[in-house]
1. With Arg12, Arg21, Arg66 as the choices, which residue is of a type in the set (Lys, Arg), modelled with pLDDT of 85 or more, out of contact with any helix residue (DSSP H, G or I) (no Cβ under 9 Å at 6 or more places or on another chain) and farther than 30 Å from Gly138 by Cα?
2. (1) in contact (Cβ under 8 Å) with a residue 40 or more places away in the chain; (2) in contact with a helix residue (DSSP H, G or I) (Cβ under 9 Å, 6 or more places away or on another chain): which one isn't true of Glu126, the others all being true?
3. Of the residues in the stretch 61-107, how many are within 29 Å of Asp158 (Cα to Cα) and in a loop (DSSP other than H, G, I, E, B)?
4. Test Thr159 against the criterion of being buried (at least 20 other Cβ atoms within 10 Å of the Cβ), of a type in the set (Ser, Thr, Tyr) and in contact (Cβ under 8 Å) with a residue 12 or more places away in the chain, and give yes or no.
5. Restricting the search to the stretch 100-138, which residues are of a type in the set (S, T, N, Q) and in contact with a Leu (Cβ under 9 Å, 6 or more places away or on another chain)?
6. Yes or no: Gly145 in a helix (DSSP H, G or I) and in contact with a Phe, Trp or Tyr (Cβ under 9 Å, 6 or more places away or on another chain)?
7. When you look at Tyr117, is it at pLDDT below 95 and either in contact with a strand residue (DSSP E or B) (Cβ under 7 Å, 6 or more places away or on another chain) or crowded, with 22+ Cβ neighbours inside 10 Å (or both), yes or no?
8. Kindly indicate whether any position in the stretch 123-130 is assigned to a helix (DSSP H, G or I) and either more than 18 Å from Phe157 (Cβ to Cβ) or at pLDDT 95 or above (or both).
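The values are calculated or read from the model by the stated rules, or taken from the named source; none is laboratory data. None of these values were measured; they are calculated from a predicted model. Cβ coordinates were reconstructed from backbone atoms using ideal geometry, including for glycine residues, and neighbour counts include every protein chain displayed.
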Amino acid sequence: MAEVGVNAEGRRGRMLRSGLRASRDPPSEVRLAQTPEVIVPVRPAAAVPACLLAWLLPGAGHLYLRRPRKGLILLGAILSLFVIGVAQDARLQPYLGFDDPLAMLRSLAQMAMGLPYFLARVLGFEAGQVVSVTHEYGNTFTEVGGLLNILVILDAFDTALGRKS
């Protein structure tokens, strides 16, 4: 890998194949610390449980895949979106009729939150007050939280298969 030779300036020293001189002297300029490459184990068998856990609780799939920092950040961000939406009188009643497809998509987006959605319905927050000023904002917050959770589920799937680090 290294050979003894003469570089372009006429200095004798160990030369690397790239033509650079290998020096034993410490570098004079300050270099930024390089972070080591993160090695994520590929666990294809963990993809399905990670996706189910990510649907039940946002970020739980990443916690299962031993990515606690990312999992807790996702849990806090998406769950706070949902809680803020419920606090703003979002309507959580499911609508699965085909006569209004946009209402059906809205309901499916809210259901993508998983366990927090069903827990809020059991606790009686499903009705929402349509006369409330913040009703539509609440709907939007809960829908966006559910749609983001779908992206988190796909991210957990890719992480389990080793496509993402």
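1. Arg66
2. Checking Glu126 against (1) in contact (Cβ under 8 Å) with a residue 40 or more places away in the chain; (2) in contact with a helix residue (DSSP H, G or I) (Cβ under 9 Å, 6 or more places away or on another chain), the one that fails is (1).
3. The qualifying residues number 3.
4. yes
5. Across the stretch 100-138, the qualifying residues are Ser107, Gln110.
6. The answer is yes for Gly145.
7. yes
8. No, the stretch 123-130 has no match at all.
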